[in-house]
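K.L.:
Input: one structure, supplied below.
The values are calculated or read from the model by the stated rules, or taken from the named source; none is laboratory data. Since the structure is predicted, the reported quantities are computational estimates derived from the model, not experimental observations. Heads up, the Cβs are rebuilt from the backbone with ideal geometry, glycines too, and the neighbour counts pull from every protein chain shown.
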Amino acid sequence: MRALAVRQPYASLIVNGHKIWEMRSRPTNIRGRIGIYSSVHIPTELEKSDYQYILCSLKHKGYSLSDSLPSYIDAPRGCLIGTVEIEDCFPVSVGTQLYSTRYSLVEAQDKEMYALRLQNPVKFEKPIPIKWTSGGSWANINIPEV
């Protein structure tokens, strides 16, 4: 199976079904179910602020998040945390706005980006530690069937 490395807290938002788009600098022809690898990257202050904004937006819309999402401090890193299906990938021009999560907008800036449309997330009960051997965002991995 192919796996995509995603920084926390965004990886958790994806496998919990809250983040429905993933922006990338390059397109992909990969479609179907992929693994979500939570990278070891420690969130920056901007990412922490963005995550708090997303949580507030979701709570405002009535989502109960206490059990479903870890804090950015406690979010698992360096492991597979679930799977998701890539439905589509298409270019997004500078200034185009998409909903990064169900209720928060993201605007493409600086250069053309590519949006991966995500659906049908599956969160693993227990993260699966793996060694990420790829130097990039994608890797081939073996995981149990879900």
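K.L.:
Are there any pairs with C-beta distances below 8 angstrom linking a residue in the stretch 85-106 that is among the small types (G, A, S) to a residue that is at pLDDT below 65 and surrounded by 15 or more Cβ atoms within 10 Å (Cβ to Cβ), with the two at least 6 apart or on different chains, and if so which?
P.N.:
Short answer, once both residue conditions are applied: S93/A108; G95/A108; S100/V106.
K.L.:
For the stretch 23-72, name all the residues that are at pLDDT below 70, out of contact with any Lys or Arg (no Cβ under 8 Å at 6 or more places or on another chain) and not small (G, A, S).
P.N.:
Y63, D67, L69, P70
K.L.:
Of the residues that sit in the stretch 20-57 and are of a type outside the set (F, W, Y) and touching a Phe, Trp or Tyr at 6+ places or on another chain (Cβ under 6 Å), which one is farthest from S137 (Cα to Cα)?
P.N.:
So in the stretch 20-57, the residues of a type outside the set (F, W, Y) come out as 20, 22-36, 38-50, 52, 54-57.
When the remaining residues are screened for being touching a Phe, Trp or Tyr at 6+ places or on another chain (Cβ under 6 Å), the result is 24, 27, 43, 48, 57.
Numbers: R24: 9, P27: 12, P43: 17, K48: 21, S57: 28 Å.
Looking at the filtered set, the residue picked out is S57.
K.L.:
Out of everything in the stretch 1-51 that is among the small types (G, A, S), within 13 Å of the chain's Cα centre (by Cα) and not in a helix (DSSP H, G or I), what residue ends up being farthest from W132 (Cα to Cα)? Walk me through it before giving the result.
P.N.:
Just the residues of the stretch 1-51 that are among the small types (G, A, S), to begin with: 3, 5, 11-12, 17, 25, 32, 35, 38-39, 49.
If we keep only those that are within 13 Å of the chain's Cα centre (by Cα) as well, we get 3, 5, 11-12, 17, 35, 38-39.
Okay, now just the ones that are also not in a helix (DSSP H, G or I), so 3, 5, 17, 35, 38-39.
Numbers: A3: 10, A5: 9, G17: 24, G35: 12, S38: 10, S39: 8 Å.
Looking at residues that are among the small types (G, A, S), within 13 Å of the chain's Cα centre (by Cα) and not in a helix (DSSP H, G or I), I get G17.
K.L.:
Inside the stretch 119-131, can you point out the residues that are assigned to a strand (DSSP E or B) and out of contact with any helix residue (DSSP H, G or I) (no Cβ under 6 Å at 6 or more places or on another chain)? Give the derivation first.
P.N.:
Step one: of the stretch 119-131, the residues assigned to a strand (DSSP E or B) are 119-129.
If the condition is that a residue be assigned to a strand (DSSP E or B) and out of contact with any helix residue (DSSP H, G or I) (no Cβ under 6 Å at 6 or more places or on another chain), then Q119, N120, V122, F124, E125, K126, P127, I128, P129 are the ones that fit.
K.L.:
Shifting gears a bit: Filter the stretch 109-128 for residues that are over 20 Å from G32 (Cβ atoms) and touching a residue at least 24 places away in the same chain (Cβ under 8 Å) and give the result.
P.N.:
So the first thing to find is which residues in the stretch 109-128 are over 20 Å from G32 (Cβ atoms), and the list is 109-113, 125-127.
Within the stretch 109-128, K111, M113, P127 meet the criteria.
K.L.:
Can you tell me which residue in the stretch 129-143 is farthest from E22 (Cα to Cα), limited to those that are in contact (Cβ under 8 Å) with a residue 60 or more places away in the chain and hydroxyl-bearing (S, T, Y)?
P.N.:
S134
K.L.:
So, in the stretch 97-112, how many residues would count as being more than 19 Å from V6 (Cα to Cα), touching a strand residue (DSSP E or B) at 6+ places or on another chain (Cβ under 9 Å) and at pLDDT below 70?
P.N.:
1
K.L.:
Can you confirm whether F90 is surrounded by fewer than 16 Cβ atoms within 10 Å (Cβ to Cβ), among the aromatic types (F, W, Y) and either at pLDDT 85 or above or at negative phi (or both)? Can you show your working first?
P.N.:
Values: surrounded by fewer than 16 Cβ atoms within 10 Å (Cβ to Cβ): yes; among the aromatic types (F, W, Y): yes; either at pLDDT 85 or above or at negative phi (or both): yes.
Yes: the conditions hold for F90.
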